[in-house]
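Peer 1: The following block contains the structure, expressed as structure tokens.
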Amino acid sequence: MNWWLAAGSLAAVLALGGIARLLGLGGAQRLETGDDAIKLAEALVSGFEGKVGIIATDGERAAVVGGPSDLVVIEPLGARHRATRYKHARVVMAHPAADGTKITLELQPAMMFRITVADADAARAFTETLT
């Protein structure tokens, strides 16, 4: 085995990784505001009109409500996001916690979704619009 060739290959891979990181390539983009989530949900789900969006404290997951029982859940999928629409979603529980408001939603029978939201006002508006 040629050690110089192996070292050169490793250096090249690390350099390409560093360049990709500097350019912000790879990984899911962070969602910053509820408006970002609404725009993304409307772009990914045909015919959906969002009213209130909430972002998880980690910035990767989000939920957007379009009206009573009409919900789009946004989750990271590689370097992009996946949006799934649920027409019969309901709020099971919403309570304040140390790191924000924890919301538990029933998307379908026996299918739950939990999200922690830092903005309490957005969480309140979200739950009121969904019910």
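Peer 1: Tell me, how many Å apart are the Cα centres for the stretch 114-130 and for the stretch 7-59?
Peer 2: Each part reduced to its Cα centre gives a spacing of 22 Å.
Peer 1: Right, here's the next one. Tell me, what HN-Hα J-couplings in whole Hz come from the Karplus equation 6.51 cos²θ - 1.76 cosθ + 1.60 at θ = phi - 60° for each residue of the stretch 72-87, using x for Gly and Pro?
Peer 2: Values per residue, Gly and Pro as x: 10, 9, 10, 9, x, 9, x, 8, 10, 10, 10, 10, 10, 9, 10, 8 Hz.
Peer 1: Tell me the angle of helix 34-44 to the major Cα principal axis of the chain, expressed in degrees between 0 and 90 and rounded to the nearest ten.
Peer 2: The angle comes out near 80 degrees.
Peer 1: Could I ask something else about it? Work out the length of the dipole vector of the chain about its Cα centre, built from +1 on the beta-carbon of each Lys and Arg and -1 on the beta-carbon of each Asp and Glu, and round it to the nearest 20 debye.
Peer 2: On the way: 13 positive and 14 negative charges, 70 e Å.
The dipole magnitude comes to about 340 debye.
Peer 1: Under the rule of at least 5 residues apart or a separate chain, name every residue whose amide H is placed under 5 Å from the amide H of V52.
Peer 2: For V52, the qualifying residues are V65.
Peer 1: Just how many % of Cα pairs in the chain lie over 20 Å apart, if you round to the nearest whole percent? Numbers along the way, then the final one.
Peer 2: On the way: 4241 of 8515 pairs.
Cα-Cα pairs in the chain separated by more than 20 Å: 50 percent.
Peer 1: Another question, then. Using only Cα atoms, tell me the angle between helix 120-130 and the longest principal axis of the chain; keep it within 0 to 90° and round to the nearest 10.
Peer 2: Once rounded, the angle reads 60 degrees.
The numbers here are math on the coordinates, done by the rules we state, and not lab data. From a predicted model like this one, the values you see are computed outputs, not experimental measurements. Glycine gets a Cβ as well: all are built from the backbone with ideal geometry, and neighbour counts include every protein chain shown.
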